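Accompanying notes for the structure given below.
The values are calculated or read from the model by the stated rules, or taken from the named source; none is laboratory data. In this text the structure is predicted, and so the values were computed from the model without any measurement. Neighbour counts run over all protein chains shown; Cβ positions are idealised from the backbone, glycine included.
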Amino acid sequence: MSSIKRVTKFVLLTLAICITALSVSSGVTQAKSSVNQFQVKPILPADNAAKSSYFDLKVKPSQSRTLKIRIFNNSTKRQQFYVKPSNTTTSSLGAIAYTGSTKKDASAATAFSDMISDKTGKPVTIDGQSSATVSFKLNVPKQQFTGTVLGGFVVHSVSASDHAAQNSGVNNLARYVVAVRLKESSTTVKPNLLYYGTHYVGMNGLPAIQVKLQNNQPVIIGNVHLKATVTGEGNKTVAKVDNQLLNFAPTSRFNYTISTLNGQQLKTGQYRLLMTVKGDNGYWKFDKLFTVTNSDTASAHVAKRPFDWWQLLQWVIEGLATLIVLAYLVKKVRDWWRKDDDSKS
């Protein structure tokens, strides 16, 4: 019976050690995300497209209407939020992106930012455990547009951003996007993907190849399967990618980024790009030569990510704190074990 008792004590204390270690290692992140608790929900009008969880509207020339979104502050603290209209673009990874920018691509006849009031955005302060509604006026231009106008509202907590700026360390800052899709007719628009060159660059401390592309039509190129190979001297492959489920935003110009194999630096010289892009509404093939210059290699080589000494120091402090707690608990286990043995003798 005493052996069972000793095993039970050992198991319970081991669990206590594990739980304490986990608490010590994760406590900083939990504390810093406590102010960053909110949700955003669009207030969809009756004529919104069925089954859409975002604003999906058919509009008419010169029409005016109001778009409303509701922000829920789930924190116990008052928070200030900022709601900013955004046009869409395509990210370097081939995804539709809402960056908060109102810049319009040169190929766009009109854009979401052209139709929305308060282009710079609106601030709103919400008490803890409360909600508020933010409204924007949508003014459709007189000139009829074809295809799709894609945009959205980007919502972030100013309070959480300020908190992050004042406190170094890991901060999980949420950013909500409420998408908006506008159409005037159901006429099919054929996409057109254009090639504008390839460049060797440094990205996030690593060498990479950027292919400049543009979808110059007001239609999404969806469900994209992109395959690309870059070869150099002796037909040696220096970069390769095979990605699926990509989406290119309407009327957007972007740099699709391909990492070099094993992060290798490229030498000066001529290279060949062979790329195929197959979407749900089109197919394109690019077979292009490009040159890597001395200037390119220098830029790519020096663009190295600085070492994050502060992050390393945090890890060391957290590791030491965990070891101290573990050492203390191990000592308590040993003392308890010895005390139990002494009481029997």
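The set of residues in segment 213-230 that are over 11 Å from Pro191 (Cβ atoms) and surrounded by fewer than 16 Cβ atoms within 10 Å (Cβ to Cβ) comprises Asn223, His225, Lys227. Considering (1) more than 30 Å from Val241 (Cβ to Cβ); (2) among the hydrophobic types (A, V, I, L, M, F, W, C); (3) in contact with a Ser or Thr (Cβ under 9 Å, 6 or more places away or on another chain), the lone condition that Met115 does not fulfil carries the number (3).
For (1) farther than 20 Å from Ala174 by Cα; (2) free of Cβ contacts under 8 Å to residues at least 60 places away in the same chain; (3) among the aliphatic types (A, V, I, L, M), each residue gets a yes or a no:
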{"position": "Gln79", "(1), (2), (3)": "no, no, no"}
{"position": "Ser92", "(1), (2), (3)": "yes, no, no"}
{"position": "Thr102", "(1), (2), (3)": "yes, yes, no"}
{"position": "Ala109", "(1), (2), (3)": "yes, no, yes"}
{"position": "Gly121", "(1), (2), (3)": "no, yes, no"}
{"position": "Val134", "(1), (2), (3)": "no, no, yes"}
{"position": "Lys137", "(1), (2), (3)": "yes, no, no"}
{"position": "Gln143", "(1), (2), (3)": "yes, no, no"}
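Gln210 falls short of the stated requirement of being at pLDDT 95 or above, assigned by TED's automatic domain parsing to the domain that holds Tyr283, part of a loop (DSSP other than H, G, I, E, B) and surrounded by 15 or more Cβ atoms within 10 Å (Cβ to Cβ).
Screening segment 35-136 for strands (runs of 3 or more DSSP E) wholly inside it with 2 or more residues that are within 30 Å of His199 (Cβ to Cβ) and under 21 Å from the mean Cα position of the chain (by Cα) returns the ranges 79-90, 96-98.
Residues in segment 36-53 that are of a type in the set (S, T, N, Q) and either in contact with a Leu (Cβ under 7 Å, 6 or more places away or on another chain) or within 20 Å of Ser159 (Cβ to Cβ) (or both): Asn36, Gln37, Gln39, Asn48.
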